[in-house]
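What follows is a short report on a single structure.
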Amino acid sequence: MYVSTKWLENYVDTKGIAPADLAEKITRAGIEVDTIIDRSEGLTNIVVGHVESCEKHPEADKLNICQVNVGEETVQIICGAPNVAAGQNIIAALPGAKLPGGMKIKKAKLRGEVSNGMICSLQELGVEGKTVAKAYAEGIYVLPADAKPGTDALSLLGLDDVILEFDLTPNRADALSMLGVAYEVGAILSQDVKLPKIEYTASNEKAEDFLKLKVEAKEDNPMYIAKVVKNVKVAESPLWLQNYLMAAGVRPHNNVVDITNFVLLEYGQPLHAFDYDRLATKEIVVRHAVEGEKITTLDDVERTLRAGQLVITNGKEPVALAGVMGGANSEVYDGTTTVVIESAYFAPASVRKTSKDVGLRSDASTRLEKGVDPNRVAEAAERAAQLLSELAGGEVLAGSVQFDELNKESVRIILSPDYVNRRLGMKIPMDEMVSILERLQIPVEAANGQLIVDAPTRRQDLRIKEDLIEEIARLYGYDEIPMTLPIGESVPGGLSSFQEKRRLVRRYLESAGLYQAITYSLTSRAESQSFALETAPVTELLMPMSEDRSVLRQSLLPHLLEATTYNVARRIDTVSLYETGSVFLGTQEDGLPKEVGHVAAVITGKWVNHAWQQENKKVDFFVMKGIIEGLMDTLGLTEKVTYTKATHDGLHPGRTADILLNGEVVGVLGQLHPSEQKKRDLKETYVTEINLALLLAESAEALVYEQVPRYPSMSRDIALVVSKDEAAGSLMEIIQEAGGKLLKDVTVFDLYEGDKVDEGMKSLAFSLTYFDADRTLTDEEVVTRHDKVLAALKEKSGAVLRG
Amino acid sequence: MEQQLEQLKQEALQKIEDAPSVKELNDVRVAYLGKKGPITDLLKGMGKLPAEERPKMGALVNVVRETVTTSLEEKMELLEQQAVNEKLEKETIDITLPGRPVKLGNHHPLTRVVEDIEDFFISMGYEVAEGPEVEQDYYNFEALNLPKGHPARDMQDSFYITEDVLLRTHTSPVQARTMAAKKGEPIKIICPGKVYRRDSDDATHSHQFTQIEGLVVGEDIRMSDLKGTLALFAKKMFGEEREIRLRPSFFPFTEPSVEMDISCFKCGGSGCNVCKKTGWIEILGSGMVHPNVLEMAGYDPTVFTGFAFGMGPERIAMLKYGVEDIRHFFTNDMRFISQFNRTEV
C-alpha cells in the first residue's frame, strides 16, 4: 500500500512532522513502513510552459522546434516527442534543472538549433510508466489548459509529495484504505480524523425504476448496492484526482473509472462501474457461474468459468467476475452516458477462490478477500455518486437498488485493566487505556472497573481481549514494557540422552577429520532408495516443484556423494564429509512415515597429505573402519560391535562390511562400487551409513577404572602362514580364546602376500601381550600359554609359523 | 726434581690447551697421567729420595697431577660442549616450513548457530524438543490457530504428501505436540529443526531451511517475561552491548505478536550496510501464545499464558558471517564449510 502524505493530509493533520519521523512512528506502532519515496527528490527548475508554435526541424525529421512561453519569456526548445503540438501546456525543464537519475538540463544546440531546455514526459520526472495514463505513456505530458506558464509544475502535478510504502500484515486490512491509515495515524498523533462530506443533489427519477436486482447467491454476496447516474460526460479526470491515483500506483483512465478507483483507495471498498446501456437488460443478477460459461474480462482475456465462481450477470450472460474483474462487454467507454455503480460485500473465501482459480489478483480482490468493512459498503457508493455528480457532470438518480442481509454489528469485548496489566507485566492506569482506545476511535466505556469495548467493523482484527491488549500495548509503547524473567518453579533444562550423544558423535567425527554437511531431504525417485540400509514405500510429494525434489530420502549417502562430486569437480581432491539426519520409511498408523536418525560419511582422496615431506596416503577401507572403531569406542560400544563381510548394491563386493551391534546389522561400510565411482566422477571413495537411532539407544558400558599395571607384561610376536582367504579376525578370535585370561592384548603388525610365501598363502604377524595384574609372570608360564595358542591356531586354521 | 716437575706441568698444560679434539686430549691424558707417563714415572722414582723429602715431593707431585687433571677435565668439558654444538649446528632445520597438518573437521555453520542458541536456553532451564519433519496438517496448522481455508496454508506454499500430511512449514508443530503431551504442565522448550516451503531456490530462498523456536507456558507468564528473556538472549548471542526493541507484528498463533530487532552488531546503531542504515536488525518473531492455541492443546487460557518466539539460523548466520547466498548452506562446498573451524571469542 502506497500512502501519499499529501493525500493523507486531507483526513488527518500531520503538519510539522517530517515524513521520516512519521514513518518511524507508524512502524513502531505496528505497521511497517518499508520505504519512504520523496517524489520531488532531485527535481528543480521545472515549470509550466505554453507551446506557442511548433515547427519541424529543417535538419531532423523527428525533431520539432518549439517556441515555449515559460512565464516571463518565450524560449526555443527542441522536442523529439511525437505528440508535441502548438497550443499545449507542457512541463518544461529549464537550463539548470535537475531530473531524477542526476540528469542536468543545459542550454544546447541540436542540429544547429538552440534548445533552452527540455519538454518532459512524466517518466522523465520519475513517475512509473505503468501509472501514466495511456494517452501520455509514449510521449510528453500535456497539462490542463488553465495551467499558468512559468508556475511550478511539480506542485501542479502533485510531485511535491512523499509516499510511504506500507508492508501490511494480513490482519491489518483496515489500512488498505486512506481512511484506515488516517485512523491509525490519528491515533498515533492524537489527532482527529476528518471524514469526507458526502453531499449532492439527487434527481427526481428513482434508480429502482431503471434497474432490477436479484441476488441468487446470498451467502457469497450478502450485500449488493447499485446506484444509477445519468448524463455522465466521460472525460479525463481533473489533475488532482489523476495525481492521487498515480501516487497510489494506479493508472488513470477516465473520470468514471478513476472515481471508482479513488473511492476504493479512500474507503477500501471496491466499486465497479457498468455502462447501463451496454448492460442492455436493465437487470443485474448475482449468481454462481455454470461450468464452462465464458467471460472476456477488462484485460481482454477470454476466461472459461467453473461452477461455483461468483458472477454478476445481466440476467443472461456474465458481465463481471464478482470482486475480481469486470467484463469487457459492459465496460464504460468514451460514449457512456449512464453509469451503474456497484458496491458489494462478497464473501472473502469466495473471492479468494475465484481470484486464485483464474489467476487474477486485483486491488479489488485483495481487499474483498480479507473482508471489507460492512458499514462502508453503502457509504462508498454514495461517495462515488457524489464525485460523479461533481466531476463528471452526472445526475444521480434517487435512492439505490439494493440487497442487504449483511451483519453489520460490532463485536463487544469486556475486559478489566488488571487482566491487561497481568498479561503485559505492566501497570497502565485504566484512564490511560481508555484514552488509547479513544484515540483509535474505538468506542469504549469504563464501568465498574471494566472496559466495555465495541470493536468497530472497520477493524475486523479485533475479536478477543488479547486483540485489545495488543492495541493498548502498541500505542502505549512496547519500549515501556519492563524486562522480567518468568517466575514459578524452574526445572533443569538440558538435552535428552539421544541429543547429547548425537552431539558427541558429531564432535568425534569432526575430531577424526570429517566436515559436517547438511543436504536436502527431498531427492529424486531414482535416488531415494540408493544405498538404503532398509527400504520401505517412499514418501512422495503431491505437487513437487521438480522431479529432483519429489521424494523423501531413505539414505543420506546419495546427497553426500553428490556434494562429494561437486567438490571433486572443483579440484578439491580430498573430501571428507559426514551428515546426521533423518530418513523416511513407509507410512505409520498416524499417516506419517517413520523418521529414523542416521549418520553417514564419505571420504575420498588423500588421507595423509604432508607434501614437502613426501608423505601422503590415499584413503582406504581401513581409514573408514578406523573412524568407525573410534566412534564405537567413544560411545562405549566396542565390545558390542562386530563387522562381517557383506555385499550391498552400489558397493565394492570385496570391500564391504556390515556393522553389527549385539549381532544386529545397524550399518554398512565399504568402498563405492567402481562403476558407481565412475558414474559419479569419483576416484576411490569409501562410505558408511549407520542407523543412529539404534546405535544411540544402546547404553554404554559402565566406566570403571582399571588399575594401572604394577607388574611388567611380556610380548611374543608370531608370524603365521595361512591361506589367503583366512580372515585376520578369525585368527584373532582363536588367539584370544586360547590365550585366555593371561593374554592381555593381540594386535596385527604385519601382512605379507608375495613371492616369499607359497601361492595362495599369506603371512600375518601378530604381537601378543601376556600380563597378570597381581604378579610378574614367569617365562615358563608364558611359554606354556603361548604354545597352547600356537597349537590352537594350527588345529583350527592350519596356520603354521612362518619359517 | 722440583724444577723438572714444574717443567712437566707447564708442558702438560700447554699440550692440553693445544689439544684440538677429544681424541688428542685423551692422548695427552695417557701421555702424562697414564701408567707409563712421566708423572707416574716420577712417583715411581720417589723411592730413590731420602725419606724426609718423600712426603714433600709426594705432595708436590700430587698437586701437579691434580692441576693437570683439573685442566684436562675442564678442557674435556669444553671440547665435548663444542662437539655437541657442532652436532646441533648440523641438525638445524628450517622452522619456517609448515607443520604436519592435524586432520580435523568442523561443524556446519548452521549447527554452530543452532547449538549456541540451544546452549543459551538450556542454561535458562529449557529442554530441547524435536518432532517429525513430516507432519499432520492438524499440528502444523490447525492446532496453531490456522484453520482449514486460512490463506496462510495455501497448497501452493507447502509440500503436501496427502491432504492431511505435509512437510512441516515451521517447527511450531513441535510446540503443539509438546503442549498436547504435557497435558497442562508448565513448559519451557526450544525446538530446532529442518522445515520446508514450496519456494524456488535462489540467493534468499531455500525450499529447505532451519528454524529454532521457543515456547514457555505457565501460570501468569507475562509479556515482560518475553521481553526480558529475549533481551538476555540478544546479549548472549550478539554481544553484551546489544539493545533490543519490539515492534508490533502479526502471527496467527500469537496475540499480541511482535518482531524483535537488535541494535546493529556491526555499526552499533549508527547505520551501515548490514542494518540498511537503520541501526536495527530484525532477528526474530514472537508473541504471547494465542488463547485458541492454548485451549486446543488443553490448557485453560484463563489460568495459563505463555510466550513463543522463532528465528531462522540461516538468517542469523548470514548476518553474522556475511554470507550472501543461502544456497551455500546446502551445497556443502568444503571451501565454505571449513571456514567455520574456529572460535569467535
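The values are calculated or read from the model by the stated rules, or taken from the named source; none is laboratory data. Because the structure is a prediction, the values reported are computed rather than measured. For neighbour counting, all protein chains shown are included, and Cβ atoms are generated from backbone atoms with ideal geometry for every residue, glycine included. For the accessible areas, the whole protein counts, side chains as well, though only heavy atoms, and no ligand, DNA or RNA atoms are used. Shrake-Rupley method; radii C 1.70, N 1.55, O 1.52, S 1.80 Å.
A compact table of results
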item: Estimated dipole of the stretch B:2-91 in Debye, rounded to 20 [Cβ of Lys and Arg +1, of Asp and Glu -1, Cα centre]; result: 540 debye
item: Helix-only [θ]222 nm of chain A, DSSP H runs n ≥ 4, -39500 (n - 2.57) each, per residue, nearest 500; result: -7500 deg cm²/dmol
item: Backbone N within the stretch A:24-66 under 15 Å of label point (7 Å from A:M103 Cα along the Cβ vector); result: A:42-47
item: Calculated FRET efficiency for the pair A:Q191/A:D300, C-beta based, R₀ 45 Å, to 0.05; result: 0.50
item: Summed side-chain charge close to B:R327 - residues other than B:R327 whose Cβ falls under 9 Å, Lys, Arg +1, Asp, Glu -1; result: -3
item: Pair A:R111, A:K744: separation of 7 Å Cα→Cβ label points (nm); result: 10.5 nm
item: Low-density loop cleavage sites - GluC sites (Glu not before Pro) in the stretch B:127-190, where at most 15 other Cβ are within 10 Å (DSSP); result: B:E163
item: Chain A, relative contact order [Cα under 8 Å, separation at least 6], %; result: 8 percent
item: For chain A: span of alpha carbons on each principal axis (Å, largest first); result: 130, 85, 57
item: Projected area, mean over directions - the stretch A:714-801, Cα convex hull, nm²; result: 5.4 nm²
item: Close Lys-Lys pairs in the stretch A:714-801, where close means Cα under 14 Å and separation is 8 or more or interchain; result: 4
item: Neighbouring partner chain Cβ atoms per residue of B:131-139, average, 10 Å criterion; result: 4
item: Cross-link pairs A:K197/A:K370; A:K606/A:K678; A:K501/B:K188 - those with Cα-Cα distance over 24 Å; result: A:K197/A:K370
item: Helix-only mean residue ellipticity at 222 nm for chain B, each DSSP H run of n ≥ 4 adding -39500 (n - 2.57), per residue, nearest 500; result: -13000 deg cm²/dmol
item: Beta bridge orientation in the protein assembly as shown: antiparallel %, DSSP, nearest 5; result: 95 percent
item: Accessible area of A:R553 in the full protein assembly, 1.4 Å probe (Å², nearest 10); result: 10 Å²
item: Stretchable slack from A:D573 to A:E445, in nm (0.36 nm times residue separation minus alpha-carbon distance); result: 38.5 nm
item: Aspartates and glutamates with Cα under 16 Å of B:K148, excluding same-chain neighbours fewer than 8 positions away; result: A:E369, B:E135, B:D137, B:D157, B:E163, B:D164
item: Residues of the stretch A:584-622 buried by at least 30 Å² on assembly (accessible area, 1.4 Å probe, chain alone as reference); result: A:D590, A:L592, A:E595, A:W607, A:H610, A:W612
item: Chains B and A, summed buried accessible surface - 1.4 Å probe, Å², nearest 100; result: 7500 Å²
item: Ranking by accessible area, most exposed first, for A:Y200, A:Y244 with a 1.4 Å probe; result: A:Y200, A:Y244
item: Cα→Cβ-extended label distance, 7 Å offset, between A:E540 and B:K23, nm; result: 8.9 nm
item: Carbon/sulfur fraction of accessible area - the stretch A:44-156, other protein chains in place, 1.4 Å, %; result: 49 percent
item: Radius 9 Å from Cβ of A:E317, net charge of other residues (Lys, Arg +1; Asp, Glu -1); result: +1
item: Residue-count net charge about A:R278 - beta-carbon cut-off 12 Å; Lys, Arg +1, Asp, Glu -1; result: -3
